[in-house]
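Read-outs throughout are calculated quantities, based only on the coordinates presented, and are distinct from any laboratory measurement. None of the values given here were measured: they were computed from a predicted structure. Here the Cβ positions follow ideal geometry from the backbone for every residue, glycine too, while neighbour counts run over all protein chains shown.
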Amino acid sequence: MTVRVGVLGAGTVGGALVNRLLSDRDAIRLKSGVDLEVRRVAVRDLAKDRPFAIKADRLTDDALSIVTDPSIDVIVEVIGGLEPAGALVLAALRSGKPVVTANKELIATRGQEIVEAAKRAGVSVMYEAAVGGGIPVIRPLAESLAGEDIDVVSGIVNGTTNYILTAMAKEGRSYDDALAEAQRLGYAEADPADDVSGRDAAFKTSILASLAFGERVAPWEVESEGIEGVTADDVASATEKGEVIKLIGSAQRGIDGRVEATVKPLSLPGDHPLAGVNGVTNAIFIEGPSVGRLLFTGPGAGGQPTASAMLGDLIQVASRGRGPRTGSAHDPRPRRQVLHR
Ligand code: HSE
């Protein structure tokens, strides 16, 4: 069974994914039974060099032409941001094409609408890569833990800021130098202000909280603060006290039953389980009364790990056709909490 894939975007993650699809096509087919063919790739600049070898006629700068192409079965969206990604994803779903996306801003902000469109069309939308890079956490949370009454979800969900804080604490490097390195390594967002301001972590915390608690927690409801205010002196004084500063995203129910979600830098004791999570590594705790405490950890950003998560989604979508929807918490059924905006 050959499944023809259209990829929208060929930046760090998109480029890594196309590379894997081209170089590992046989291995993927032998292992999963699904033959994934990269049919077309949409790029912003046709003249730019790409880290993959694909015939020129498979590249286009018209992403919509891929979405409407009847010879394409599945759409992968790695453009990022709300638009044009949102319109393209919705158009793909409405025309009956499953979508795999890494777009945390889009899922956090318009997940309900997107899941509803997928449901109406009877196709899947999958977004494992939207949180935690290569860490499988969305499907475990949405499916394996669907029966658990989760108490808390918390952890380090932004690789760039963890890379910066680690470099400052362990190597005495400057904030600017560490940020530049994170950008060079392909960890940072197109606008790295999204990382350091806590915005990216708020999107991810919103997605995790929505799945964990089965009700929508919008990104603007996540009280967030980034690491821009963390100075070299703050890092040094934490180190002197045997502590480590980490940017932590967290969500739990307050005493009134409402989900309270935050993103903020915290100084953790050196023996805290998150204190030793360094560099681009992310780590997400999920706690529930029956399951106890689970820890999901691994590379939270970067082309290869994130492409690995997307490849898993793609194989899932391609092999099941109408696979499971991992966006149950974004399902537009009535919530206890009515949200506006
Ligand atoms: N900029 C993000 C991070 C990429 O550093 O975590 C992965 O979502």
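Tabulated data
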| quantity | calculated |
| --- | --- |
| Positive dipole terminus of the chain, leading residue within G288, G229, L311 (C-beta point charges) | L311 |
| Note, ³J(HN,Hα) from phi for region 231-244, Karplus 6.51, -1.76, 1.60, rounded to Hz, x at Gly and Pro | 9, 4, 5, 4, 5, 5, 6, 5, 4, 4, 8, x, 10, 9 |
| Mean separation of Cα contacts under 8 Å, 6 or more apart, over the residue count of region 146-298: relative contact order % | 35 percent |
| Dipole in debye (nearest 20) - the chain, about Cα centre, beta carbon charges: Lys, Arg +1; Asp, Glu -1 | 1380 debye |
| Long-range lysine pairs (8 or more apart or interchain), the chain, Cα under 30 Å | 23 |
| Virtual spin-label span in nm between E240 and S174, 7 Å along Cα→Cβ | 2.2 nm |
| Angle between the chain longest axis and helix 159-171 axis [Cα atoms, degrees, rounded to 10] | 40 degrees |
| Relative contact order (%) - criterion: Cα under 8 Å, at least six apart; region: the chain | 22 percent |
| Amide H contacts under 5 Å for D151, placed H, 5+ residues apart | E287, G288 |
| Assigned charges on the beta-carbon of Lys, Arg, Asp, Glu; region 146-298 dipole about Cα centre (debye) | 320 debye |
| Karplus-derived 3J(HN,Hα), 6.51/-1.76/1.60, for each residue of region 144-152, Hz, glycine and proline x | 4, 9, 4, x, 8, 8, 5, 8, 9 |
| Whole-Hz couplings from phi, Karplus 6.51/-1.76/1.60, listed for region 289-298; x for Gly and Pro | x, 8, 8, x, 10, 10, 10, 10, 9, x |
| Sites E37 and E181, calculated FRET efficiency, Cβ-Cβ separation with R0 41 Å, nearest 0.05 | 0.70 |
| Nearest 10 degrees, 0 to 90: helix 85-94 Cα axis against the chain principal axis | 50 degrees |
| Cα principal axis extents for the chain, largest first, Å | 60, 46, 39 |
| Contour excess over end-to-end distance, with Cα ends at D49 and L30 and 0.36 nm allotted per residue | 3.8 nm |
| The chain: most fluctuating residue of V222, V125, V277 per GNM, C-alpha cutoff 10 Å | V277 |
| On Cα atoms only, tilt of 303-320 relative to the major axis of the chain in degrees | 50 degrees |
| Difference of contour (0.36 nm per residue) and Cα-Cα distance, Q304 to L59 | 86.1 nm |
